[in-house]
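Below is one structure, written out as structure tokens; the observations come after it.
The values are calculated or read from the model by the stated rules, or taken from the named source; none is laboratory data. All values reported here derive from a predicted model rather than from experimental measurement. For neighbour counting, all protein chains shown are included, and Cβ atoms are generated from backbone atoms with ideal geometry for every residue, glycine included.
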């Protein structure tokens, strides 16, 4: 399996940001880490091994980026407003730097699908819903799509506009809605086992339904807990059967 590490100094974040690229061809899968993890997390926990056949066959090319959750919502020593600002800077990094990087290493026509587990699921869904002109869909695993679950009571405009369960019900821009509706890849997955929150997935699905957005809601059984064996099962299954 081709594996290349890249890095550049991000103007958006004012720090060096690495990216791991796996594969040589196929649609682009942009992986967002869980919680306060880094760009190699999915490799360390063998998720990359679980999807290796799809990478080697040229079905998918994976781009795994760093989170900065430990510089925003996971950092208890920061002022909440500064957390929100830092989160928005990370969004800008994805939209203005990572997406062009992916285009440079694929093509202008290549589909980009965001994916992640846990906190990474919220980010992956949020990135797509905010910029469906740049991103073509999302595959969100075991997420909670209300950002206030992570903000410890803080709420401002940036929290609102990065919390799909808050802004999607009020989204009225016809152009943006139509771009979202064009996607054939809005997959919302959850287990029903320990520490999973399938009702969070159902709430997001209900919002999408009310907006006339086609989606797939897939609630797995009680044997699927909020842990790596679940995600190592879900992601390859979806790559095999939906793409």
Listing of helices (runs of 4 or more DSSP H) fully contained in the stretch 1-93 that carry 3 or more residues being touching a residue at least 40 places away in the same chain (Cβ under 8 Å) and either within 19 Å of the chain's Cα centre (by Cα) or buried (at least 19 other Cβ atoms within 10 Å of the Cβ) (or both): 47-50, 80-93
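What number of residues within the stretch 1-14 are within 26 Å of residue 87 (Cα to Cα) and in contact with a strand residue (DSSP E or B) (Cβ under 7 Å, 6 or more places away or on another chain)? I'd like the intermediate steps shown before the answer.
Step one: filter the stretch 1-14 for residues within 26 Å of residue 87 (Cα to Cα), giving 5-14.
Now restrict to residues that are in contact with a strand residue (DSSP E or B) (Cβ under 7 Å, 6 or more places away or on another chain): 5-10.
So the count comes out to 6.
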Residue 183 vs. criteria assigned to a loop (DSSP other than H, G, I, E, B), free of Cβ contacts under 8 Å to residues at least 24 places away in the same chain and either out of contact with any strand residue (DSSP E or B) (no Cβ under 9 Å at 6 or more places or on another chain) or over 29 Å from residue 75 (Cβ atoms) (or both): no
Residues of the stretch 1-37 classified as at pLDDT 95 or above and under 21 Å from residue 126 (Cβ atoms), total: 13
Test for residue 188: is it in a helix (DSSP H, G or I), under 16 Å from the mean Cα position of the chain (by Cα) and surrounded by 14 or more Cβ atoms within 10 Å (Cβ to Cβ): no
Pick from the stretch 94-112, criterion surrounded by 19 or more Cβ atoms within 10 Å (Cβ to Cβ) and touching a helix residue (DSSP H, G or I) at 6+ places or on another chain (Cβ under 8 Å), ranking: nearest to residue 140 (Cα to Cα): 112
Of all residues in the stretch 115-144 being in contact with a strand residue (DSSP E or B) (Cβ under 6 Å, 6 or more places away or on another chain) and assigned to a loop (DSSP other than H, G, I, E, B), the one that is surrounded by the fewest Cβ atoms within 10 Å (Cβ to Cβ): 136
Subset of the stretch 219-237 that is touching a strand residue (DSSP E or B) at 6+ places or on another chain (Cβ under 6 Å) and surrounded by 17 or more Cβ atoms within 10 Å (Cβ to Cβ) - its residue that is farthest from residue 144 (Cα to Cα): 234
